[in-house]
Amino acid sequence: MKKTIIMAVAALLMAGAAMAQQENPRGLYKLQKFIYDDGKEQIPPFNQYKYLTDDLSVQIEFAENEVLAAFRMVNQDKHPLNYTGKVPVGEDGQGIQIYDSNKEKFTLRWYNNFAPNAALFPFNAFISEEYSSKKGISETMKEIIDIIGMKAKVKKTNKFTGVWKRRGMSDRVDGKGQLFEMPTMYKIYTDTKMLMLEGDLEKAPTMAVVGRLWPCTFYTDRLITEGQNSCMITWINDNTFTLIWISGGYPAVEIWDKTELPELMQNIFK
């Protein structure tokens, strides 16, 4: 009787472990290695993340040094990544497979028929990518996600704290001169950092969004540094300022307006 009970408990534990590998991966994961169908493995020569939700999959390419963190994010997979098992997916059997999947890890297997790069991605072959939510994830990457999702902890507020959108360039410090249109850009200020976002955030992440995180020092309401750039500020009102910095040896004047991130962008990391 005792042996039967032990065997039954063991069976339940094994079943539970199997089910735990069949969860939909959710949250932030970092690419750990490539696994090829011939058994060979390779460590990726770059930092790549997946941020997964019930609605979409965001791929993030990331790099950082002691001053700057830079990233590019896009919905490369076109749909949410849910557990499939290591079985053929799609009409041609070459769809994305998700297996060995839980809150701590998952494996993504895809068929390469569009990116000929023999060094990393054999053409017309399956490549597996192993991801982990525990290994090697940058604290800066987590901070960027918190800032975009409006979850960053701000110890002290200042006049800049929050989201700003660039209206354009001006030929006058007071912003009343000729306005020159510029590509869309947002800035999010915390008490110690400035996150810059470029791209069509209204369509994020269908369209690629590029971002940079800089240290930021607020000396006064009229003098700040962003990374290594000293910036002079002229306030038009509480919701608009001009920012002057040196570009190519000449002063550049940008007009910035208080705003919010587009809802689609902010909701990625809500």
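The values are calculated or read from the model by the stated rules, or taken from the named source; none is laboratory data. The model shown is predicted, which means the values in this text are computed figures rather than measured ones. Cβ atoms come from the backbone with ideal geometry, glycine included; neighbour counts cover every protein chain shown. Protein only, heavy atoms only, side chains kept; ligands, DNA and RNA dropped before computing areas. Shrake-Rupley method; radii C 1.70, N 1.55, O 1.52, S 1.80 Å.
Quick notes on this one:
- Q76 vs. criteria at pLDDT below 95 and more than 15 Å from the chain's Cα centre (by Cα): no
- Near pairs, Cβ below 9 angstrom, 6+ apart or cross-chain, from the range 46-64 (without any contact (Cβ under 8 Å) to a residue 24 or more places away in the chain and among the charged types (D, E, K, R)) to any residue that is part of a strand (DSSP E or B) and open to solvent by less than 30 Å² (accessible area, probe 1.4 Å): E61/Q48; E61/Y49; E61/F71; E61/M73; E61/V74
- For the range 201-234, the set of residues classified as in contact (Cβ under 8 Å) with a residue 24 or more places away in the chain, over 30 Å from S57 (Cα atoms) and aromatic (F, W, Y) consists of F218 only.
- Among the residues making up the range 136-149, those that are part of a loop (DSSP other than H, G, I, E, B) and either in contact with a strand residue (DSSP E or B) (Cβ under 6 Å, 6 or more places away or on another chain) or at pLDDT below 95 (or both) are G136, I137, G149.
- Any hit, the range 50-71, residues being buried (at least 17 other Cβ atoms within 10 Å of the Cβ), polar (S, T, N, Q), touching a helix residue (DSSP H, G or I) at 6+ places or on another chain (Cβ under 9 Å) and over 30 Å from T240 (Cβ atoms): no
- I188 being in contact with a Leu (Cβ under 6 Å, 6 or more places away or on another chain) and either touching a residue at least 40 places away in the same chain (Cβ under 8 Å) or farther than 30 Å from D77 by Cα (or both): yes
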